[in-house]
Amino acid sequence: MMVQSRPEVDVVVVGGGIGGLFAANALIAHGLRVSVYEQSPALGEVGAGVFLTPNSVRQLERVALGPSVEKWGAKVGAGSRYFRHDGAPIAPVQVTDSSGWNATFGMHRADLVEMLASALPAEVVHTGHRCSGFEQDGEVARVSFANGAVAEGDVVIAADGIHSELRQYVAPPSRPVFHGSVAYRGVLAHERIPDWPADSWLMWLGQGKHFLTFPVRAGQLINYVGFVPADQEMKESWSAPGDPDVLRREFAGWDPRIESLLRQVQATFRWALYDREPLATWTRGRLTLLGDAAHPMLPHLGQGANQSIEDGMALATILARADRKTTPAALLAYDRLRRERVALVQRGARENGLRYDSLYADLGVRDAEIAAHAAFRKRLYDHDVVPEAQAAATALT
């Protein structure tokens, strides 16, 4: 049972991606009034898979979305493995928390967005609203949009991604950090590769490159990602077209299973890998940042969406104890609660990328670190943001 808030608090969420839509679900579950504004003419995601882990699935269950995750996701199990580039096994993949609870799912991004959006009342989401400005006077915050609309609220949540328009009103300008790699990504129908396991997360590690697969959409599709060095900096994008022949050449001579899968690829997307240095603050007055607007991270821990979901539940839990006067203090409590954990995950994703790309003189050391990394993942997956958010909220009253 969610704690019911004082009903006068109005929240404006800018951004209709995974972070913004989950935050809206969590806020509504806690009794707050919410409006979501998305710049695209319709909700949706291109790209391919996203990986959900126990630390976020327990939050999705709290807003009654557990059955939808089970329906649309594809649970991965004990067959999940790391391999060297030639197929030699390295170690199993940690897919449970410390208690043994397996709540790790591959999901298509479009399915996750649809699931989150469908759970909201019809009047909550407003598409075709591109943020163009922001102001606040201490009593109210206002977001203006390119179509001439203005939205007012007691709180504005910037969930508008790595290129956030609203970040500039919270933190000094900064450039995203390019990490010299490009991800080729896409999905294949499982029926085209029927021998491929539909219940396993599998990764192959080679010099400067790595290759990942996991199932999505109840195992009907296999999501693949090939991480390769980039010759030049590219604009961050989910949907830049890639050349399947280039992708095949990058992994020529690897495990024959990869070569067999890539022979089936007819179209692929390229995604340049960026993150940002951790911010000193996410909040100013009645405006706060969430998800990639606050902490874009590399995908090498599979935690981008998961940390955004944690953000949304932490923020909703704290705001449920606030009123119009105390919401700025509540936002600062959220800020203090989340920044240290997320910075740790951001750094961990960078470090794991070096392991995955085999940037080690001694691969035996790399393999030992990969095996030992299960302990880190258990701690990551064990985390439940709600008790600490409740404690932070209690301190406000």
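The values are calculated or read from the model by the stated rules, or taken from the named source; none is laboratory data. Small disclaimer: the values here were computed from a predicted structure and weren't measured. Using ideal geometry, Cβ is built from the backbone for each residue, glycine included, and neighbour counts are taken over all protein chains shown. Note: accessible area is taken over every heavy atom of the protein model, side chains too, but ligands, DNA and RNA are not part of it. Shrake-Rupley method; radii C 1.70, N 1.55, O 1.52, S 1.80 Å.
Applying a 10 Å radius around every beta-carbon, put 244-252, 294-302 in order of their mean neighbour count, most first. Can you show the working numbers first?
Numbers: 244-252: 15.7, 294-302: 23.7.
Packing order, densest peptide first, comes out as 294-302, 244-252.
Remark: relative contact order (the range 310-395) = 55 percent; criterion is Cα-Cα distance under 8 angstrom and separation of 6 or more residues. A helix-only calculation puts the chain at -10000 deg cm²/dmol for mean residue ellipticity at 222 nm, using -39500 (n - 2.57) for each DSSP H run of at least four residues, averaged over all residues.
Packing-wise, with mean Cβ within 10 Å as the measure, how do 16-26, 87-97, 104-114 rank, highest first?
Packing order, densest peptide first, comes out as 16-26, 104-114, 87-97.
Going by the alpha-carbon gyration tensor, a ≥ b ≥ c the square roots of its eigenvalues, is the range 202-294 rounded (a/c under 1.5) or, if a/c is not under 1.5, prolate (a/b greater than b/c) versus oblate? Judged from the Cα gyration tensor, the range 202-294 comes out prolate (a/c at least 1.5, a/b above b/c).
Could you work out how far apart the two model spin labels at Arg336 and Val150 are, taking each label as a point 7 Å from the Cα in the direction of the beta carbon, and quote it in nm? Using points 7 Å along Cα→Cβ, the separation is 3.4 nm. Between Ser132 and Leu359, the FRET efficiency from the beta-carbon distance, with R0 = 35 Å, is close to 0.25. Cross-link partners of Lys75 among aspartates and glutamates, defined as those whose alpha carbon lies under 12 angstrom from its own and excluding same-chain residues fewer than eight positions apart: Asp199.
The phi torsions of the range 206-212, fed into the Karplus equation with coefficients 6.51, -1.76 and 1.60 and a -60° offset, translate into couplings of x, 5, x, 9, 8, 9, 10 Hz, rounded to whole numbers, with Gly and Pro shown as x.
Between Ser40 and Ala267, the modelled label-to-label distance comes to 1.5 nm, taking each label 7 Å out from Cα in the direction of the beta carbon. Taking a quarter of the surface of the Cα convex hull of the range 124-260 gives a mean projected area of 12.2 nm². When you have a sec, figure out the Kirkwood radius of the range 31-74 from all distinct Cα pair distances and drop it here in Å to one decimal? Result for the range 31-74 stands at 13.0 Å. The relative contact order of the range 82-211, computed from alpha carbon pairs under 8 Å that lie at least 6 residues apart in sequence, is 24 percent. Each peptide in 51-62, 136-147 gets a packing score, the mean of other Cβ atoms within 10 Å over its residues, and the list from highest to lowest is 51-62, 136-147. Please give, to one decimal in nm, the separation of the simple spin-label points placed at Glu259 and Glu191, each 7 Å out from Cα toward the Cβ. Placing both labels 7 Å beyond Cα along the Cβ direction yields 2.8 nm.
In the range 264-330, Rg over Rh equals 1.14, where Rg is the alpha-carbon radius of gyration and Rh the Kirkwood radius from pairwise Cα distances. In the range 1-139 the Cα-Cα distances spread across 5 Å bins starting at 0 as 2, 9, 16, 17, 16, 14, 10, 7, 5, 3, 1, 1, 0 percent of all pairs. In percent, what relative contact order does the chain have, based on Cα pairs under 8 Å that are 6 or more apart in sequence? 23 percent.
First check a/c for the range 51-101, with a ≥ b ≥ c the square roots of the eigenvalues of its C-alpha gyration tensor; if it is under 1.5, answer rounded, and if not, answer prolate when a/b is larger than b/c or oblate otherwise. Prolate. Farthest toward the positive end of the dipole of the chain, out of Gly348, Gly15, Trp282, is the Cα of Gly348, where the dipole comes from beta carbon charges about the Cα centre. For the chain, the longest principal axis of the Cα atoms and the long axis of helix 18-29 meet at an angle of about 40 degrees. For Lys325, the aspartates and glutamates whose Cα falls under 16 Å of its own Cα, not counting residues fewer than eight places away in the same chain, are Glu8, Asp10, Asp137, Glu139, Glu152, Asp154.
Show me the three semi-axes of the equivalent ellipsoid for the range 66-143, from the C-alpha gyration tensor (sqrt of 5 times each eigenvalue), largest first, rounded to whole Å.
Three semi-axes, in Å: 40, 18, 14.
Pair-distance distribution P(r) for the range 324-369, from all Cα-Cα distances in 10 Å bins starting at 0: 23, 28, 20, 15, 11, 3 percent. If you roll a 1.4 angstrom probe over the protein chains with everything in place, what fraction of the accessible area of the range 85-225 belongs to carbon and sulfur, to the nearest %? In the range 85-225, the share of accessible area belonging to carbon and sulfur is 49 percent. Relative to the longest principal axis of the chain, what angle (0 to 90°, nearest 10) does the C-alpha long axis of helix 327-356 take? Computed tilt is about 10 degrees.
Across the options Val170, Ser181, Gly153, the greatest Cα extent toward the positive end of the charge dipole of the range 112-200 (unit charges at beta carbon of Lys, Arg, Asp, Glu) belongs to Ser181. Report, in degrees rounded to the nearest 10, the 0 to 90 angle that the Cα long axis of helix 109-118 makes with the longest principal axis of the chain. Result, in degrees: 30.
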